[in-house]
Amino acid sequence: TTNNNDDNNNNNSNNPAIDLTTRIQMTRLRGFMYCLLDRPLEGKPLLEKTLEIAREDGIFLPPTLLADGISIETERQHVHRQLKLTIGSANVFAVYENEADHNNRINNNMNMKTTTDSNNNGSSKHNNSNNSNNNNNSNIKQQQQQQKEEDTRKLILRECCAVYDQLARSYFQSGEPFRAIYCCLRGLNLAEMVGHCEELAKAYATYAFVKKSAFYGSLARKSAERVGSLAPVTGFCAMLYGGMLIGEGHFSKSQTALKQAANVSKEVKDVGTLGLSLSVLGWSMFVNGQFEDAYSTATEMETIGKERNDPRFLNWGLTSHFRNLLAMNKTDQVQGLLPAFEAYMEEYWGSMYNSDKVASVGMLIKMHLANDDLTAVTELVQKYQSTVELVMKPCTQLIEFGGCVGVIEGLIAVVGAEQQQQKTDDTNDDSKESNSSAAAADQPKTKREILQTALDSFDKYAETYPILHARANYLRGLAILAMADYSNNSTTTTEQQQQQEETEKSAIASFREAISWARRFSLDHEEDLVTFHELANAIYALPIETKVFDRQDAGTKGIDAEAVIKKYKTLLEDLNYNISSSDETNNNNNTVVDVEEEMEKWRTIVSCTCQNLLQIWGSSNPNINTAARSLEQRICSSTPTTLLLPDNNNNDDNNGNITNSMSKDELTILSLCIAKCEKMRKEAIIADS
């Protein structure tokens, strides 16, 4: 019941009443409580505060550096996969990510170890007569203390992993895909340092969903089985695995996994995962055109909501009913649900995720389009303009497919009507062309930009979720026809006819592409949209081949060795360029000192990265011992001159001296070092500016 300001009172690390671990747990639980109460926007700041207390600062990176943060975590995951570092030690260095602090801790620990070893060697000569029992007691106490510290670190890591998992979903549903991806990666990398636990299984499942990787999906389910076949995490992993399969069009497998998730969740009374499982199951059925089945799932959610008096289930059931009735063209029943739906929007609008807002507005627009009420559609587009603009963001299209489609169809209708009105005005009154026509074009131009960007985002996201291609191309065809401009009075009738033919030709190409994708995934209801279009005869004039689609699992790709070598050579060339360019203007060797300093920073990054990997995994993994030590020796034992020299060996692969003999393991670690270096250089540029 305390507020956020109370955290300042507990910030003293010497306070024995509330230690760091307890503060992390308390803050995380407060954030989770809001999420359980269907108030995620209020819970998110508390979850972010939890990471701040744990000194997990990466999530707070500005947009200019967030991509570098993602790159670093991606390379870490490549290191884990390439070197098979799936289970490590809950080392404190994994928690504290600040690079300067991180490096100091490693150096201090290395110095302390040297001093301790020296002291131990000296003192052993004077303590031979000490009682062996005292030594044994001391060793036992030391082991107990080490175990206690290890348990504390594991607990902190697990708390951070749980927060990252929840925030990944929050950012994803709020239309912040890059922060969501960062949370997925960072949470996964931390969880792999803990070992098999619920957090690791969830992290694998979430990352599998984001990357569309069956490989990570299988890791998630195996890890969940180690926790327990009827553990809540088993249902959660099955739920996300089923959601992942939807994007590839594997609807039967998807629904089998989602039904399993729902059954396990019922068995263990995990209400949250049960709701998500039924909701995603309904979505799988909806996208596949199984509207009756999806409607039955909505009824089940509504029934559970009434039995438990749970607003989340009531809302899921209501919105799903609304969506499926619209898809089945049962507008009379939709009208009956309208008062309850509007009451839901009024009560929860302030705390809704952006995806829920898009869903609500999109469904209202589709209802009015079904009734041919263009005036109501126009009013909704204007009233909820900020929500309408959300469809321009990639990621909205998947998480709320139905609502996003409704908004885009509304924009197409409004833009088409305004375009037609402009054409009529120009025809009736040529004298107003330079004034009123220009003024009328102002408003449609803004909607045109929103519509065009929304369609581009739809296409972009369809590259990740190919089932979206069919509807994306269908909407593109409609938009081409709606935005066509034949009103230029300077053109002849013949020229206008040619423009119209070109427009229709372009729209037909989009419609044919939509059919090709619909056939690839057996989405008959998607092809039906085109079949009943007025251009159907022209669309089907020539045979349409089914789209060929096959994609490699992103989870098994690993690094691109050639790309890593190229990045490394670019890094060295940047320093080499500074030497040559500055030597022309400076004769006092100041530039050489700068290069020496830059090279020393680079060596520090490599050394700290390798030492960090060795401290976490070195005792249990021979691969990391070999690769990390070899890379550190290669980089840190070379002089700047040697590193900056081009390859003089004339190797066929044109690789530099340092890289041409590196193993895949070493290159993978090198890629992580390069990503860290790029981030630090950007931070320095921002600080200087």
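The values are calculated or read from the model by the stated rules, or taken from the named source; none is laboratory data. The structure displayed is predicted, hence computed values, not measured ones. Methodologically, a virtual Cβ is constructed for each residue, glycine included, from the backbone with ideal geometry; neighbour enumeration extends over all protein chains shown. Note: accessible area is taken over every heavy atom of the protein model, side chains too, but ligands, DNA and RNA are not part of it. Shrake-Rupley method; radii C 1.70, N 1.55, O 1.52, S 1.80 Å.
Observations, loosely collected:
- Among the criteria (1) modelled with pLDDT of 90 or more; (2) open to solvent by 20 Å² or more (accessible area, probe 1.4 Å); (3) acidic (Asp, Glu), the one Glu495 does not fulfil is (1).
- Index of the failed condition, Gly187 passing every other in (1) farther than 21 Å from Ser284 by Cβ; (2) open to solvent by 10 Å² or more (accessible area, probe 1.4 Å): (2)
- Among the residues of region 644-681, those that are at pLDDT 85 or above and of a type in the set (D, E, K, R) comprise Lys664, Asp665, Glu666, Lys676, Glu678, Lys679.
- Residue tally, condition assigned to a helix (DSSP H, G or I), open to solvent by less than 50 Å² (accessible area, probe 1.4 Å) and in contact (Cβ under 8 Å) with a residue 24 or more places away in the chain, over region 281-306: 12
- Scanning region 498-548 for residues that are without any contact (Cβ under 8 Å) to a residue 12 or more places away in the chain and of a type in the set (Asp, Glu), we see that the one that is least open to solvent (accessible area, probe 1.4 Å) is Asp528.
- Of the helices (runs of 4 or more DSSP H) lying entirely inside region 322-415, those containing at least 3 residues that are out of contact with any Phe, Trp or Tyr (no Cβ under 9 Å at 6 or more places or on another chain) span 331-348, 354-370, 374-383, 385-388.
- Of all residues in region 69-99, those satisfying the criterion of being at pLDDT below 80 and of a type in the set (D, E, K, R) are Glu97, Glu99.
- Candidates Val227, Val233 - the one that is of a type outside the set (Ser, Thr, Tyr), in contact with a Ser or Thr (Cβ under 9 Å, 6 or more places away or on another chain), touching a residue at least 24 places away in the same chain (Cβ under 8 Å) and open to solvent by 20 Å² or more (accessible area, probe 1.4 Å): Val227
- First in region 549-569 and touching a residue at least 60 places away in the same chain (Cβ under 8 Å), second anywhere and crowded, with 16+ Cβ neighbours inside 10 Å and in a loop (DSSP other than H, G, I, E, B), Cβ under 6 Å, 6 or more apart: Asp553/Ser213; Ala554/Ser213; Gly555/Ser213; Ile565/Asn655; Ile565/Thr659; Tyr568/Thr659; Lys569/Gly656
- Candidates Asn315, Asn309, Asn354: the one that is in contact with a Lys or Arg (Cβ under 9 Å, 6 or more places away or on another chain) and either farther than 14 Å from Ala298 by Cα or crowded, with 19+ Cβ neighbours inside 10 Å (or both) is Asn354.
- For region 190-207, a residue qualifies if it is farther than 13 Å from Cys160 by Cα, open to solvent by less than 30 Å² (accessible area, probe 1.4 Å) and either under 11 Å from the mean Cα position of the chain (by Cα) or not hydrophobic (A, V, I, L, M, F, W, C) (or both), and the qualifying residues are Gly195, Tyr204, Thr206, Tyr207.
- When Phe341 is tested against (1) at pLDDT below 90; (2) farther than 18 Å from Ala359 by Cβ, only condition (2) is not met.
- Criterion applied to Tyr241, Tyr216 was being open to solvent by 50 Å² or more (accessible area, probe 1.4 Å), in a helix (DSSP H, G or I) and under 18 Å from Arg551 (Cα atoms), and the one residue passing it is Tyr241.
- Arg312 vs. criteria part of a helix (DSSP H, G or I), in contact (Cβ under 8 Å) with a residue 60 or more places away in the chain and within 25 Å of the chain's Cα centre (by Cα): yes
- Those residues of region 290-314 which are among the polar types (S, T, N, Q) and in contact with a helix residue (DSSP H, G or I) (Cβ under 6 Å, 6 or more places away or on another chain), in sequence order: Thr297
- Only one entry in Val530, Val548 is at pLDDT below 90 and not charged (D, E, K, R), namely Val548.
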